[in-house]
1. With a point put 7 Å past each Cα toward its Cβ, work out how far C:Asp133 is from C:Arg536 in nm, to one decimal.
2. Could I have the simple spin-label model distance between D:Thr71 and C:Ala126, label points 7 Å from Cα toward Cβ, reported in nm to one decimal?
3. Quick one, could you list the DSSP H helices from chain B stretching 18 Å or more along their long axis (Cα atoms) with average Kyte-Doolittle hydropathy of 1.0 or above?
4. Calculate I(q)/I(0) for segment C:369-434 by the Debye formula, one identical point scatterer on each C-alpha and no solvent, and give its log10 at q = 0.23, 0.27 Å⁻¹ to two decimals.
5. Against the longest principal axis of chain D, how steep is helix D:3-17, in degrees 0 to 90 to the nearest 10, with axes from Cα atoms?
6. Ignoring ligands, DNA and RNA and using a 1.4 Å probe, state the total buried accessible area between A and D in Å², rounded to the nearest 100.
7. Taking the Cα centroid of segment B:64-135 and of segment D:34-91, what is the distance between the two, rounded to the nearest whole Å?
8. May I ask for the distance between the Cα centers of segment C:458-476 and segment C:404-437, given as a whole number of Å?
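The values are calculated or read from the model by the stated rules, or taken from the named source; none is laboratory data. Every value quoted in this text rests on a predicted model; they were computed, and no experiment measured them. Here the Cβ positions follow ideal geometry from the backbone for every residue, glycine too, while neighbour counts run over all protein chains shown. Just the protein is used for accessible areas: all its heavy atoms, side chains included, with ligands, DNA and RNA removed. Shrake-Rupley method; radii C 1.70, N 1.55, O 1.52, S 1.80 Å.
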Amino acid sequence: MFKSGLADEVRALPGGENLEMCYSCGTCTSKCMIQQKLEPEYNPRRLLRMVMMEMREESFSNPTTWLCSSCDLCYPACPQQIHISGVITAVKKIAVQNGQKTPLHTAVVDQQTCVACGLCAEVCPYEAITIETRKLPYRGSIPVAVVDPGLCMACGMCGAACRSNSISIPADYSDENVVESIWKWLNPEGAL
Amino acid sequence: MTDHKPKIAFFQCHWCLYAPEDQEWVDRRLPDNIRLIKVPCTGRIDPLFVLNAVQGGAEGVVISGCLPEKCHYKEGNLAARRQLQEFSSFMDYIGYDEARLRFVWLDLQDRGRIQRELADFENQLQQLGSAEALAARQPLEEGGAHE
Amino acid sequence: MVDAARQPLIEVKAYTEVEKVEGFVGNFKVTLREKAKYVRADRCNGCGACAKVCPIEVPNYFEMNLAPRKAAYIPMSQSVPLIYNIDMDACIHCYKCVEACGPLEAIDFSMQDKIVEEEIGAIVVATGFSHFDPTPMEEYGYNRYPNVITAMEMERLNNSAGPTAGSLIRPSDGKKPQKLAFINCVGSRDKRFVESCSNFCCMYSIKNAVLVKQMYPNIDVTIYYMDIRTPSKGYEEFYNRARAMGIHFIQGRPAMITEDSETHNLFIHTEDIALGKVVEHEYDMVMLNQAAVPQPDQNHMSSVLNVAQSPGGWFMEYHPKLRPMDSPTDGIFFAGACQGPKDIPASVAQGSAAAARASRVLHSKTWQIEPTIANVWPDRCVSAQGRACGICERSCPYGAIDYTQGKAAEVITAKCHGCGACVAECPHDAITQLHYTDAQILSQIRTLLADKPEKKILALRCHWCSYGGADLAGTSHFEYTSNERGIKVMCSARMDADFIYEAYRLGAGAVLYSGCHQQDCHYITGQVIGAKRAKRLETIFERMNMTPGRFRVEWISAAEGDKYARVLNEMQATLDAMPEADLLAEIERLRPEMAKRLSRLPNIPGVQRALDHTQVVVNTILSREGAQ
Amino acid sequence: MSELEQKIRSEAERLLKEGLVDVVIAFRKEDAPLRPQPAFFTHPEDLENLTYNGLCANNLANYLTRYPRETRIGMLVRGCENRSVNALIVEKQHSRENLYLIGIPCTGIIDWRKVIALTGEDILGYEDTDSTLIVRARHQTFRLPRQELLHPSCQRCVHPNPLSADILLGEALPEGDPTLIRARVESFEALSREERTAFFRQEAERCIRCYACREACPMCYCEECFVDHNTPRWTESGTTPAGTHAWHIIRAFHQTGRCTSCGACERACPMDIQMTYLTDKLGKDMWDYYQFAAGMDDKTQPPFAAFTMDDKKHFQAGGKLS
């Protein structure tokens, strides 16, 4: 008998059951938006193959593991009815357990202004936000929103929902950058 | 109809244009009066973004996203739909014509539709004339003071 | 076909439906509905004058609705017999055809459907297959994009007798396509639609590609495939020839087709597996190679003929390897794709074989059947005493039992296949089965459990699957517990609840109830009957608080030797995990319960005598050294 | 002292004496006429200052967020305050276990501005009875019909009774007419686009950006309001037209599914700017589309926290979804 390996670990997690059913037709990859618009190296078919072939490190560092946003465009198209995002989420979970970090710019909470109303946690599609009590400078021990970077996919819904602008995603799509890009166009001479 | 080219702020969800040609057109060949503002998801669009565009002088706002059931972030555009639709209907309530805000939900197979939508919207704005419901923001001078 | 129609001993009944099939091998009584053609077969000479004058045009089904036909029509130009037909749903009764037919007077609007009954010795079913409609596969846009066509539409467009007289054009603008793509496995090998492989489509798309390429060498033809399957004589060579001709093959299942709304050109979006890259190519026209599916009325036919259907809906053969052209009902045979997707050579081979099998029936004065048939003791049947029962008739997968209230049930021997479902189901023990009588099986159980029964695992196995599985476990040297004691019956349907009660009454450690998987059942629905009974027993034992695992139900095919060994080992582990005192206490606790359920057993003819005789054997076993 | 006042006082006294709460939030006698003030009683002996009548204008739920979540608070709640408290509990601003709500069926809040308009400013004292407000001014005693003096929000009030108070002092009142609040929004909707714009601009542009509305509103508890935000600067902070427009639009919009129509914002406004026509519109939409009314219980999340596929049934009809 084989030693229990990565494929077995993935199959043991909910969502990963059908891993071995993949016969590499490539439908998922060609349906995928990420492959098309963000990362040419992104390839769910190949990730599934890598997991089956016990390529641990390669699977954990593969962009596919981290970029899949579970949009499930591929799932209804898969002729083997494999819940591919479920498999990838399982791989990601194992990768997080093994200390891998996401390359995404995940949401950041401004703990000085967060009022813990919980709206961000309600709207987050990935259930990445929880309200937890933290000891903060100037504010004492109070509840604030906390983001789990292992779950956050940087969609920014929390930022749009937050009334006090206390949570947002950094870098390209931060509030400042989006608004500045509007301003620069509308009034190239002075800022608004 | 006038020849005036209305300024349009075009919020595009990163994922909604499937055909590479369409994305290429939007990225590089947009007319000057249309400004592309990319967001990861329509769910990222804070009503304040829209208000900033409107008060900054955009005469119309287009928001394009994936079909509601095909959101890249599971349900981001559902949240956007609730919030932004209510926002636009609220703006209409205080006199800002909601015809100046257009939502375009694009399916994967809608090749070439965004060009048609933008042209149609521009046409619509030309017929509406200039927007006067809300006061425009005044730009700051260098250093931050009002003119 | 023309030759067949000319044979004096062959009668072709076109436009006729089978309404009812009764009787049994050699003695079928078949009711046929000869549909009214409104043209008299004895007068029509097939001149076609009626069609010429007919003013009504309707879509032509044979041309995949790409061309019209008249209300007076023949289904296709090679129709046999060549007799015209009037489509009454479309006809407006202008009677121009009557005029045109003139002195022949073949057209008769007063004709009506005729019901005929025929005596038939053997039946060969050759109803063929149908095509999967790709409309539900939104991603390919069939019916939405004009230039996405199906394989059958391609077939007509590319046929010199077709609606375009053989010139290949695309539907949107009638121009000749320059870039053409074929997509294989549309709907097939797809769990959402048809799980199985449709067998012939790889060759079929290669054939179409080769035909197109031969006719128009400048057309660029690409075939998208997941796997190319060419497993027959000369097929791989044909595939190679296609490659040599310059037809492109791209491995990858296209996820989506998009359309340029102005030019109606199509973009196929796929991952090229060989490159590991997503590619998008533009085509003028795309052909979808759809899955083969059973005929839409296959279910209806299966109930008319009383033959079972395999998963997927195809007619089920008697045995997939040994008797692939026989139906489970004697005297009914299959030819071609009604039994499963097949290409032309395979269909012809099966057709010939079916004809030969059928002729065996026709040439026999007597017909031998398996001897394991059921028999009713008329004096024990409650129906003979006037009570309503009919359980045996309802349980028979073959409809071989004739039940009328007031008369003892009767087994139609020629139809009986000996599964034993009726024997086990009869609540009054009024039916017995040759070679597998209750007396025989109970004697076996008693003997096997004579010594240290609490250590034994009694395995009831069906003849066709789990017995084979046990056999395979042995021949493959899979190790499993030596405490297993196996008994063979014909089907899990024969595994009478009494056998299991008796085993526990005697103190068996555990009992395995095993048979075929449902789709493999040799007796059409025997396994279903057995499975229902097993479920009942499980509930009963659960209520008795029997330790879980002491009664186990497993469906094990003849190929699953490893599973057989695993199940037995798991059962042994269950027994090992139980302290012996607990097990013995449980056996003692349940013994009276079991005995209560067996009170009527000695009344079954022959049982008491057989058990008395068995006692001699049991005593012999117990007197051996080391026995209890 | 009225009977009701006495009941409130003894209940508050019991809570403080038995140590059930750390603080009781209620009203105390005014320093200026007609203006009872919110008060925070921590000792039973302070309770002699407690007062309650129709001129108690503040929404006391506003003060809930100023205490840490562990503080056990006793609070006087009328219908709207109770709903505000519920909405705050939904937003996890306090836990229900740490609250003791002393419920009072509310007969409506009297708009002191209306009183002064009739009596002048020299007021010596007043008495609030069931149907009349008796005001003793320097030269004259006025007997004013109470109903006409009510604040417009209270005239339209639908739920005057507290919904989830721990104790209810006084008889429950009949429910109000829900069509009044809708009629106001609908009549505004019926105006032409130009009239609506003109009204909005006329109201918003009077704003002096004092943010009294924000301070009076129980739901405006953000640490940092969007108008005070610097990166990015969402809006102009001065009293420019653009700045006041943005403030009024977004202030109201942030109340979607949260505003309980208590009218505290309007009562607080020194410029007498109308604001409830904005929030009431949003409230009406939430009810029409999602059958949601803010504060009816302390479990249901507001509509913006959830979303379904069926939303389009409401929205795509407008023709602007293509």
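1. 4.2
2. For D:Thr71 paired with C:Ala126, the spin-label model returns 9.3 nm.
3. The answer is none, since no helix passes both cut-offs.
4. With no solvent term, the Cα-only Debye profile gives -0.87, -1.19.
5. Approximately 90 degrees, to the nearest 10.
6. Details: alone 11570 and 16570 Å², together 26270 Å².
Roughly 1900 Å².
7. Each part reduced to its Cα centre gives a spacing of 43 Å.
8. Centre-to-centre (Cα) distance: 26 Å.
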